[in-house]
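Undergrad: Please see the structure below; I have some questions.
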Amino acid sequence: MNLNIVEYPDKRLKEISKEIEKFDEQLHKLLDAMYPIMMQSNGIGLAAIQVAHPKRAILLNIPDEDDEQSIDNLIEMINPIIMQKTGETIYQEGCLSVPSFYEDINRYETITVNYLDRDGNTKIIEVDGLLSIAIQHEVDHLNGVLFIDKLSYSRRKKFEKEYKKMLKEKKSSKK
Ligand code: QAP
Ligand code: CO
């Protein structure tokens, strides 16, 4: 499977991803293909919609205490639902679909997530810290929401200006 990262302002990022019903080889192939894309791009989280598959699947791979990412810490979530959310936290977020832009975003501190693994087994976990932030960011993708959609009007305007400039520079350096 040949996957590419879909980048803003691509409209496909606004799609609502569809629930997954079959836990078959096709799903496993998609998940297996998403992992190397996420690692090559230096990502810690990736939603299927970011590789043009509008399905409710996300990958998470949070670095450990030594800042190393290990496949042992890979979490695959199918049809995730955030059941409970408490507290508040702020983190400077980025997104593989919005390259080279980072902004402080408000999130819940602790969440309880209900999801299925790649074989369709139900899991329920309570998480906080970076994993909690990453799950909230990725679940937003499944609903067509990007972190830049959460910026204030003035910060969003500043972003659009900077991003357009960056895209222009990218284009001219390719010529
Ligand atoms: C979502 O984001 C996230 O601009 C995952 O040039 C964000 O992996 C989870 C990345 C914040 C938790 C906190 C972004 C890599 C990676 C870039 C990412 C870039 C290279 C973003
Ligand atoms: Co993202």
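The values are calculated or read from the model by the stated rules, or taken from the named source; none is laboratory data. Not measured: the values here are computed from a predicted model. Note: ideal-geometry Cβ built from the backbone for every residue, glycine included; neighbour counts use all protein chains shown. These accessible areas exclude ligands, DNA and RNA; they are computed on the full protein's heavy atoms, side chains included. Shrake-Rupley method; radii C 1.70, N 1.55, O 1.52, S 1.80 Å.
Undergrad: Return the total of residues in the stretch 99-157 being among the charged types (D, E, K, R), assigned to a helix (DSSP H, G or I) and closer than 17 Å to LEU46 by Cα.
TA: Qualifying residue count, the stretch 99-157: 2.
Undergrad: So, one more: State all residues of the stretch 127-175 that are open to solvent by 80 Å² or more (accessible area, probe 1.4 Å), free of Cβ contacts under 8 Å to residues at least 12 places away in the same chain and under 21 Å from the mean Cα position of the chain (by Cα); if no residue qualifies, say none.
TA: none
Undergrad: Against the definition (over 13 Å from the mean Cα position of the chain (by Cα), open to solvent by less than 70 Å² (accessible area, probe 1.4 Å), of a type in the set (Lys, Arg) and on the phi < 0 side of the Ramachandran plot), how does ARG107 come out, yes or no?
TA: yes
Undergrad: Okay, next question. All but one of (1) closer than 15 Å to LEU3 by Cβ; (2) assigned to a strand (DSSP E or B) hold for ASN79; state the number of the condition that does not hold.
TA: The single condition ASN79 does not satisfy is (1).
Undergrad: Go through LEU13, LEU46 for me and flag whichever is in a strand (DSSP E or B), open to solvent by less than 40 Å² (accessible area, probe 1.4 Å) and modelled with pLDDT of 95 or more.
TA: LEU46
Undergrad: Right, another one. Could you run through the stretch 73-104 and say how many residues are among the β-branched types (Val, Ile, Thr), within 11 Å of ligand 1 (Cβ to nearest atom) and buried (at least 19 other Cβ atoms within 10 Å of the Cβ)?
TA: Count: 1.
Undergrad: Yes or no: ILE58 under 21 Å from ILE111 (Cα atoms), part of a strand (DSSP E or B), of a type outside the set (Gly, Ala, Ser) and more than 10 Å from ligand 1 (Cβ to nearest atom)?
TA: In short, no.
Undergrad: Checking SER70 against (1) touching a residue at least 24 places away in the same chain (Cβ under 8 Å); (2) open to solvent by less than 100 Å² (accessible area, probe 1.4 Å), which single condition isn't satisfied?
TA: (1)
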